[in-house]
Amino acid sequence: MSYAKKNVPFFNYPRAYLDDRDDLIRIFDEVGNRGAFIMQKDLRDFESTLATYTGAKHAIGVANATDGLELAWMAIGLRPGDEVICCSHTMLATAASIKTAGGTPVLVEIGDDNLIDPNAVDAAINPRTVGIMPTQLNGRTCEMDKIMAIAQRHRLFVVEDAAQALGSKFKGRHAGTFGDAAAISFFPAKVLGCLGDGGGVITSNDSLGDKIYQLHDHGRDVQGEIRSWGRNSRLDNLQAAILNHRFNFYENVIRRRRAIALLYQSRLECLDELKLPPGPDSSSNHFDVFQNYELECDRRNELKEHLASNGVGTIIQWGGKAVHQWERLGFTCRLPRVESFFERCLMLPMNMFVSDDDVNYVCDQIINFYRG
C-alpha cells in the first residue's frame, strides 16, 4: 500500500518560537524595558503559580531540573556512603544528582508499567540506604502509595524526579508532592517549556524549602541575608515571564496530548507486535499528561528505519541505554527487565505541533510495516 509522503518530525523546535512569536516578542520587550532580568516579579509570580497549581507549599525557580535534584539532595545533606535507590530507566541526571550531592545511586528494576518497581526498591534497602528517588516518567506518576509506605517504614527521604510530569496525578495528587521535594523541567520540548534551560523545585517542607532557596542563590535567604554557602542556579526572569504566559494555556495542552494518545491507542492497539503505554482512560488512579508516547515494538530498529524513510521522526531515548549500561560509570548490576525494555522501546511524535492527520499518517506507516 502506498501513501502520500508527509514530514512529521519528532519535535519541531522552530515552532516552539514561531507559533507564539508575537506574544514572545511582546514579553521580551516588556521585560527588557523594565530591566527585569534576574529574580524579579515575573519569577515570583511564576513560583506562586507553580506552587498553587501543584498544591505544594513552596516553589523555587532554578536554572534546570538537574540542578533542582542536586539542590534537593544537598539540602537534605547526603554524606559519603549514603545510598539512594532509583530506577535505571531514567535520564542520567537522576542518578547523577545523587552522586553530585555526595551519595551513591543504587539502580533497580522496572515494574509492569516500566516505572520503578516498588518490590525492587524494598529488596534493595540496607543499613546504608537513606532515600528513594522515583522518576515520574513520560508524564506518568509511579505507584506512590507503595513507594511512600516503604519510605515511611524505613524512615527514608523521598525526592521525586518529576521533570516530565507537571500536571500528572496519582489518586488525585500531583506528581512532585508525595515526597520531601521534587524537581520539574521546563526544557523547550517539555509539556510546559520555555526557550532554553529552566527548572523548578517544589516542596511543602519549610526547612527544606529554605535550605534549597539558599543553595540556589549564593546562600542568601528570601530577605537577602547570607545564611550558608550556596551557588547560582536561578531561573532567568525572562524565562519565568514566558512560562507565566504559557501556563495560561496549560490545561489545553494537556487535553490535546491526551487526545493524541487516545488516537494512537485506537489506531495501534490492533497490533500484537506493539506494547502501548497505558491509555488516558486506562486507570482511575492515574492521570497522565503524556510528555512522551513511548511504546515497545518487535523489530524496533527496522521499524524506526521504515518510519524515517517515510518522513516520521522517532527517538530511542537516552542513546538506547539505561543508566547502568553506561560501563564507564562503574555499575556492575544486571537488570534484565530494564535491558529488555531498551531493546524494544521507541518514542513516537507527541507534542502540540502534531495534528490528527499527522498521527493517522504515523499509524498508517506502522500498520503498513507490520501488515503491508
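Residue check: is V121 open to solvent by less than 30 Å² (accessible area, probe 1.4 Å) and either touching a residue at least 40 places away in the same chain (Cβ under 8 Å) or under 12 Å from the mean Cα position of the chain (by Cα) (or both)? So V121 fails the test. Among the residues making up the stretch 177-191, those that are in a strand (DSSP E or B) and open to solvent by less than 10 Å² (accessible area, probe 1.4 Å) are A181, A182, A183, I184. Only one of these conditions is not met by K6: (1) open to solvent by 30 Å² or more (accessible area, probe 1.4 Å); (2) at pLDDT 95 or above; (3) in contact with a Phe, Trp or Tyr (Cβ under 8 Å, 6 or more places away or on another chain). Which number is it? The number of the failed condition is (2). Would you tally the residues in the stretch 144-164 being free of Cβ contacts under 8 Å to residues at least 60 places away in the same chain and under 21 Å from D288 (Cβ atoms)? Counting residues in the stretch 144-164 that are free of Cβ contacts under 8 Å to residues at least 60 places away in the same chain and under 21 Å from D288 (Cβ atoms) gives 8. Within the stretch 82-104, the presence of at least one residue that is modelled with pLDDT of 95 or more and more than 24 Å from the chain's Cα centre (by Cα) is confirmed. Tell me, which residue of the stretch 86-104 that is surrounded by fewer than 21 Cβ atoms within 10 Å (Cβ to Cβ) and out of contact with any Asp or Glu (no Cβ under 6 Å at 6 or more places or on another chain) is farthest from P134 (Cα to Cα)? Once the filter is applied, the top-ranked residue is G102. Tallying residues that are in a loop (DSSP other than H, G, I, E, B) and buried (at least 21 other Cβ atoms within 10 Å of the Cβ) within the stretch 157-176 yields 9. Here Q152 clears all of (1) under 22 Å from A75 (Cβ atoms); (2) assigned to a loop (DSSP other than H, G, I, E, B) except the condition numbered (2).
Going residue by residue through the stretch 287-306, is there one that turns out to be among the aliphatic types (A, V, I, L, M) and under 26 Å from I60 (Cβ atoms)? So far as the stretch 287-306 goes, yes, one or more of its residues are among the aliphatic types (A, V, I, L, M) and under 26 Å from I60 (Cβ atoms).
Looking only at the stretch 344-360, filter to residues that are assigned to a helix (DSSP H, G or I) and closer than 18 Å to R258 by Cα; which one of those is least open to solvent (accessible area, probe 1.4 Å)? Give the derivation first.
Of the residues in the stretch 344-360, the ones assigned to a helix (DSSP H, G or I) are 344, 356-360.
Subset that is closer than 18 Å to R258 by Cα: 356-360.
Values: D356: 74, D357: 108, D358: 22, V359: 0, N360: 47 Å².
Here the answer is V359.
Within the stretch 156-179, the set of residues being closer than 21 Å to D67 by Cβ and among the small types (G, A, S) comprises A162, A163, A165, A175, G176, G179. Being in contact with a Leu (Cβ under 7 Å, 6 or more places away or on another chain), modelled with pLDDT of 95 or more and open to solvent by less than 40 Å² (accessible area, probe 1.4 Å) is not true of L50. With respect to D19, determine if the residue is modelled with pLDDT of 95 or more, under 28 Å from N292 (Cβ atoms), of a type in the set (D, E, K, R) and in contact with a helix residue (DSSP H, G or I) (Cβ under 9 Å, 6 or more places away or on another chain). Against the criterion (modelled with pLDDT of 95 or more, under 28 Å from N292 (Cβ atoms), of a type in the set (D, E, K, R) and in contact with a helix residue (DSSP H, G or I) (Cβ under 9 Å, 6 or more places away or on another chain)), D19 does not qualify.
A Cβ distance below 7 Å, combined with a sequence gap of six or more or placement on separate chains, defines the contacts here; from the stretch 195-221, residues that are basic (K, R) reach residues that are in a helix (DSSP H, G or I) in the pairs K211/A75; R220/Q214. Candidates in the stretch 4-26 are the residues that are part of a helix (DSSP H, G or I) and aliphatic (A, V, I, L, M); of these, the one that is farthest from D358 (Cα to Cα) is I25.
Considering the stretch 197-222, the residues that are open to solvent by 20 Å² or more (accessible area, probe 1.4 Å) and assigned to a loop (DSSP other than H, G, I, E, B) include one that is modelled with the lowest pLDDT, namely V222.
Any idea which of (1) over 19 Å from L43 (Cα atoms); (2) touching an Asp or Glu at 6+ places or on another chain (Cβ under 9 Å) is the one W229 doesn't satisfy? The failed condition is (2). Look at the stretch 165-178: where a residue is under 19 Å from S282 (Cβ atoms) and a partner is of a type in the set (D, E) and assigned to a loop (DSSP other than H, G, I, E, B), sitting 6+ places away or on another chain with Cβ atoms under 7 Å, you get S168/D288.
The values are calculated or read from the model by the stated rules, or taken from the named source; none is laboratory data. Here the structure is a predicted model, which is why all the values come from computation and not from measurement. Reconstructed Cβ throughout: ideal geometry from the backbone, glycine too, with neighbour counts over all protein chains shown. Accessible surface areas use protein heavy atoms only, side chains included; no ligands, DNA or RNA. Shrake-Rupley method; radii C 1.70, N 1.55, O 1.52, S 1.80 Å.
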